[in-house]
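Values in this text are rule-based calculations from the coordinates and carry no lab data. Worth saying up front: this structure is predicted, and the values here are computed from it rather than measured. All Cβ positions, glycine included, derive from the backbone under ideal geometry; neighbour counts span all protein chains shown.
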Amino acid sequence: MAAAKKVFGAAEASDLVNELRRSFDDGVTRGYDWRITQLKKLLVICDNHEHDIVEALRHDLGKPELESSVFEVALLRNSCKLALKQLKNWMAPDKAKTSLTTFPASAEIVSEPLGVVLVISAWNYPFLLSIDPVIGAISAGNAVVLKPSELAPASSALLAKLLEQYLDPSAVRVIEGNVNETTLLLDQKWDKIFYTGSSKIGRVIMTAAAKHLTPVVLELGGKSPVVVDSNTDLKVTVRRIIAGKWGCNNGQACVSPDYILTTKEFAPKLIDAMKHELETFYGKKPMDSKDMSRIVNSNHFDRLSKLLEEKDVSDKIVYGGDKDRENLKIAPTILLDVPLDSLIMSEEIFGPLLPIITLNNLEESFDVIHSRPKPLAAYLFTHNQKLKERFAMTVSAGGIVVNDIAVHLALHTLPFGGVGESGMGAYHGKFSFDAFSHKKAVLYRSLFGDAPVRYPPYSRGKLRLLKALVDSNIFNIFKVLLGLS
Amino acid sequence: MEAMKETVEESLREMRDTFASGRTRSLKWRKRQIAAIYEMVKDNEDKLCSVLFQDLGKHSTEAFRDELGHVLRSATVAINCLDKWAVPKQSNLPLLFFPAKGKVISEPYGTVLVLSSWNFPISLSLDPLIGAIAAGNTVLLKSSELSPNASAFLAKTIPAYLDNKAIKVIEGGPDVATILLQHQWDKIFFTGSPKIGRIIMAAAAQHLTPVTLELGGKCPTIVDYPTISKNIKSVVKRITGGKWGSCSGQACISVDYVLIEKSFASSLIDMLKPLIRSFFGDNPKESGCLSRIVSKQHVQRLSRLLNDPRVQASIVYGGSIDEENLYVEPTILLDPPLDSEIMNEEIFGPILPIITVRDIQDSIGIIKSKAKPLAIYAFTNDENLKTRILSETSSGSVTFNDVMIQYMCDALPFGGVGESGIGRYHGKYSFDCFSHEKAIMEGSLAMDLEARYPPWNSFKLSFIRLAFSEAYFKLLLLMLGLKRST
């Protein structure tokens with residue numbers, strides 16, 4: 001019989017933070033060895049419990065085994081391994097250059113943990129988006145509380161069980177719950193909050209953080225546009241878009257291709273190619289395909305249905321549109337030229353619906369993108385070098401990917417984060433370590449060689465010397481010292 | 001206020017249009033603007049010294065050392081280094097992704113808001129301005145109403161030197177700030193108190209605007225007397241300069257209080273007293289070398305801190321106040337109670353508490369019991385103590401054997417942690433502060449792997465698993481049919 005769930009109220013939240021703070025102050029999390037041990041245990045979780053994770057994801061999201069294995073477990077495994085390999089480097093101070101003005105001195109920048117941090121994750125990639133930030137928090141030497149999303153309950157329970165079983169409970173804890181528990185946690189003082197989710201809740205998080213001057217990383221979302229040039233390899237383009245959209249949690253991903261922009265001329269070819277490849281991937285009856293996640297719950301199903309049912313939108317469906325509420329399935333659906341002010345073009349879709357907006361020429365895509373909030377990702381498919389450069393330089397988004405979809409997530413050498421409505425801060429690889437560190441400037445001065453110029457009483461001569469020092473110009477300094485200026 | 005609201009909206013519109021036009025993206029434009037800031041300061045040195053004297057009673061040498069010189073250097077560094085800073089950073093991608101390319105480019109946020117403070121009204125306005133411009137943003141500066149002459153100078157002179165469709169100045173107090181904060185900015189840079197910092201961040205949260213908050217705190221100064229006694233004269237000079245020589249203690253990185261072992265406290269005090277007299281004469285009010293307190297309100301605040309009878313009893317030097325002339329005498333306290341107000345809020349004035357400890361190692365516990373400060377200073381040659389300070393305390397920065405000077409080292413990030421702030425600037429950090437680091441990845445359409453696409457099967461799963469773990473040899477075996485798919 002399952003144990004009765006413990007009550008988590010204001011007192012418990014406060015006790016939790018105090019306890020973790022005591023552990024942090026006692027130095028539990030600071031040492032290299034402790035961090036390595038925890039990271040190794042996370043790797044063991046990936047290695048020994050992949051099956052459990054796949055099952056939990058199947059339960060919560062109907063996620064196909066390959067997606068779970070690759071986009072959650074494998075990515076996490078790599079993240080752990082990278083941290084294990086690089087931690088010594090990451091923890092080492094960086095030397096900084098000093099100049100004549102502060103001579104004689106040496107300077108360095110020391111990475112230190114922030115303290116006790118809170119990670120709030122999302123339901124669509126519940127393991128990846130929980131453990132990847134936790135890897136960052138632990139590598140940087142913090143104590144951490146993880147609050148997984150209640151919309152993926154089996155994953156949340158498994159995370160709580162595994163982390164409790166393997167990691168050091170004096171410094172790493174999981175609190176399950178919904179908005180009540182999250183609110184109680186947000187009332188506490190944290191040294192950093194890392195949140196993955198919607199822009200709406202991102203505002204709530206940052207407002208709560210402001211009360212304690214807590215720095216935040218907000219990994220939010222947006223409508224990630226895909227611009228498709230006729231000058232491209234159509235088959236590869238279409239396959240990548242499909243794999244990036246329906247092959248990644250069935251469009252329920254923050255970097256999902258949200259809508260397509262292409263020319264009126266090219267659209268028919270594009271749509272035909274998409275229909276063809278969709279059938280190759282998912283068969284003639286995509287609703288029966290086991291290779292796509294389902295919609296997470298009936299709330300989101302109804303939300304997506306509403307997007308499809310809007311007047312002037314429902315008649316723009318050119319492929320798919322089938323729905324099955326009981327099984328929470330919506331077929332891969334393509335729409336052509338829905339109104340730009342429709343609901344489906346105003347909010348992040350986060351589902352298997354793909355509007356295609358046609359333009360007279362590709363130039364106009366810049367205006368369309370520019371007139372909307374900055375997305376987490378912006379995509380372009382083209383052979384045209386000039387277009388690639390212009391796109392990369394002028395489109396503002398968290399990240400830009402040319403000729404592919406979403407893969408930049410897997411690259412630990414690129415910072416992953418948003419801008420504007422799509423978020424603030426970044427992580428992955430060393431950026432995760434940095435996200436959870438304070439970079440402390442340290443200056444070592446000698447007690448010799450004091451310039452009287454620094455001190456009152458002030459005189460014209462002192463002022464001249466100061467000016468010369470500020471210029472760091474050797475000749476000026478000598479001239480002043482020799483009384484020649 | 002209606003007129004002000006309209007001015008703000010008009011200004012925002014114009015700045016956004018300017019940013020959209022792409023003019024600020026040009027490195028040439030940015031360097032020209034920063035060069036104009038340099039010229040503006042150089043051309044108006046006397047006027048600037050004059051407004052700083054009017055607002056704060058700053059001596060021209062102090063004005064130059066702490067403000068004008070700093071801005072000139074900052075501008076020079078930015079102009080000299082901008083090309084280097086703006087170069088995209090190439091990223092190495094794993095073999096699996098060959099021939100894909102990755103890089104990170106720094107792109108301007110857009111239209112940013114800089115809210116500066118009254119204590120260093122010129123440098124705390126122009127230094128962030130230089131960073132914002134270097135990164136290619138359009139920027140609105142609101143200077144502090146508590147330094148009205150400096151503020152007026154900036155409002156009048158900046159438009160004469162800089163591109164005023166891209167860089168604007170607004171004067172005013174909290175009511176103007178409130179109007180500004182209702183709008184959406186792409187970044188907000190604030191220098192001031194933690195209390196206002198919270199308000200700024202909460203306002204920014206409504207628009208998901210990233211912030212840099214340069215706040216304050218009680219910067220402790222540890223004096224490990226025995227290990228530095230040979231150079232005690234230098235130590236005392238630096239502490240005296242660091243407390244009273246820079247805006248009379250009204251600086252975010254001022255020496256707030258000193259920690260020293262009980263047996264050495266009187267020696268220190270006996271050296272501080274004559275040094276104060278040698279710096280500021282017998283009547284510091286008349287010396288011309290000691291800044292004024294900025295306003296009556298702040299004099300009253302400092303007065304209140306001293307009024308606590310237990311604090312009064314701890315005065316060993318100074319203590320006199322002339323509210324009319326905005327003067328507070330350089331004051332030394334010996335062991336005011338740790339729970340007194342003066343030991344729990346940032347002093348921001350010319351009062352120096354000396355807190356004695358039994359063992360200098362105990363100072364670490366006292367520092368840890370308080371909010372994380374912007375800077376920790378420690379005069380010591382004990383390597384052990386240095387290591388303990390670095391690893392057991394947390395602060396924006398730590399400086400050994402000096403005070404304040406970390407401000408001038410532009411290779412070091414300048415910023416706080418916890419109550420002392422979020423984010424950092426100076427040198428390249430200013431450029432980064434106002435930039436969005438955008439990742440750009442370019443894949444190849446030429447090389448396509450079947451294994452990437454559904455329908456899934458065990459071969460594809462094995463392939464991807466091996467590819468992810470970069471087990472290239474095993475991957476090769478799989479592809480050659482020499483390894484079974486699991």
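See the values below:
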| item | result |
| --- | --- |
| Convex hull volume of segment B:290-378 per residue (C-alpha atoms, cubic angstrom) | 111 |
| Cut-off under 5 Å, modelled amide H: who pairs with B:Lys168 long-range | B:Val139, B:Leu140, B:Leu141 |
| Packing-based exposure ordering (other Cβ within 10 Å, fewest first) of B:Cys247, B:Cys49 | B:Cys49, B:Cys247 |
| Inter-chain Cβ neighbour average for residues B:415-428, partner chain, 10 Å | 3 |
| For segment A:404-451, alpha-carbon Rg over 2.2 N^0.38 Å | 1.93 |
| Alpha carbon convex hull of segment B:86-162, volume per residue in cubic angstrom | 107 |
| Nitroxide proxy distance, nm - points 7 Å out along Cα→Cβ at A:Val7 and B:Arg358 | 4.3 |
| For chain B: relative contact order, % (alpha-carbon pairs under 8 angstrom, 6 or more apart) | 17 |
| Two-decimal Rg/Rh across chain B, once Rg and the Kirkwood Rh are taken from alpha-carbon atoms | 1.08 |
| Overall Cα dimensions of the protein assembly as shown - principal axes, largest extent first, Å | 95, 64, 52 |
| Fully extended contour minus Cα-Cα distance, from A:Ala92 to A:Ser305, at 0.36 nm per residue | 71.4 nm |
| Segment B:Glu392-B:Met1, length gained on full extension (0.36 nm per residue, minus Cα span) | 135.8 nm |
| Spin-label proximity, B:Lys262 to segment B:377-396 - amide N less than 12 Å from point 7 Å beyond Cα toward beta carbon | none |
| C-alpha long axis of helix B:194-205 to longest principal axis of chain B, angle in ° | 30 |
| Rg to Rh, two decimals, where segment A:300-379 supplies the alpha carbon set and Rh follows Kirkwood | 0.98 |
| At R0 = 41 Å, FRET efficiency that the Cβ-Cβ distance of B:Glu39 and B:Ser287 yields, to 0.05 | 0.80 |
| Convex hull volume of segment B:229-375 per residue (C-alpha atoms, cubic angstrom) | 107 |
| Under 5 Å, built H, 5+ apart or other chain: amide partners of A:Phe194 | A:Leu118, A:Val119, A:Ile120, A:Val217 |
| Distant-in-sequence amide H partners of A:Leu114 (H built 1.01 Å from N, under 5 Å) | A:His438 |
| Per-pair calculated FRET efficiency, R0 = 41 Å: B:Ser229 and B:Glu470 via Cβ, rounded to 0.05 | 0.10 |
| Exercise: per-residue mean of other protein chain Cβ atoms within 10 Å, B:393-400 | 6 |
| Directionally averaged shadow of segment B:293-445, computed from the convex hull of its alpha-carbon atoms, nm² | 13.5 |
| Expected 222 nm ellipticity per residue - DSSP helices of 4 or more, -39500 (n - 2.57), all of chain B, to 500 | -13000 deg cm²/dmol |
| Sites B:Trp29 and A:Ser446, calculated FRET efficiency, Cβ-Cβ separation with R0 35 Å, nearest 0.05 | 0.25 |
| Hz values of 3J(HN,Hα) by residue in segment B:367-373 - Karplus curve (6.51, -1.76, 1.60), Gly and Pro given as x | 4, 5, 6, 10, 4, 5, x |
| Histogram of C-alpha separations across segment A:1-150, 10 Å bin width, % | 10, 30, 31, 19, 6, 3, 1, 0 |
| Packing-based order for B:438-445, A:122-129, using average beta carbon neighbours within 10 Å, highest first | A:122-129, B:438-445 |
| Cβ crowding within 10 Å averaged over residues, with A:356-365, B:206-215 ranked highest first | B:206-215, A:356-365 |
| Only Lys, Arg (+1) and Asp, Glu (-1) charged, at Cβ; segment B:226-305 dipole about Cα centre in debye | 100 |
| Percentage of interatomic Cα-Cα distances in segment A:79-188 larger than 25 Å | 34 |
| Solution diffusion estimate, µm²/s, Stokes-Einstein, segment A:335-434, Kirkwood Rh from C-alpha pairs, 37 °C, viscosity 0.692 mPa s | 218 |
| Vicinal HN-Hα couplings computed from phi for segment A:177-183 (Karplus, 6.51 cos²θ - 1.76 cosθ + 1.60; Hz; Gly/Pro x) | x, 10, 4, 5, 5, 4, 4 |
| Helix-only mean residue ellipticity at 222 nm for chain A, each DSSP H run of n ≥ 4 adding -39500 (n - 2.57), per residue, nearest 500 | -12500 deg cm²/dmol |
| Rh by Kirkwood over Cα pairs, then Stokes-Einstein D for chain A at 1.306 mPa s and 10 °C, µm²/s | 64 |
| Overall Cα dimensions of segment A:172-309 - principal axes, largest extent first, Å | 55, 33, 33 |
| Packing-based order for B:355-367, B:160-172, using average beta carbon neighbours within 10 Å, highest first | B:160-172, B:355-367 |
| Number of partner chain Cβ atoms within 10 Å, mean per residue of A:391-397 | 5 |
| Estimated vicinal HN-Hα couplings, Hz - segment B:305-311 in sequence order (Karplus 6.51, -1.76, 1.60; Gly, Pro = x) | 4, 7, 5, 3, x, 5, 6 |
| q = 0.13 Å⁻¹: log10 I(q)/I(0) that the Debye formula gives for segment A:51-140, counting C-alpha atoms only | -0.59 |
| Over segment A:339-442, relative contact order from alpha-carbon pairs under 8 Å, at least 6 apart, % | 20 |
| Rg to Rh, two decimals, where segment B:7-97 supplies the alpha carbon set and Rh follows Kirkwood | 1.18 |
| Cα extents of segment A:1-72 along the three principal axes, largest first (Å) | 43, 35, 22 |
| Segment A:109-244: C-alpha pair distances exceeding 20 Å, % | 51 |
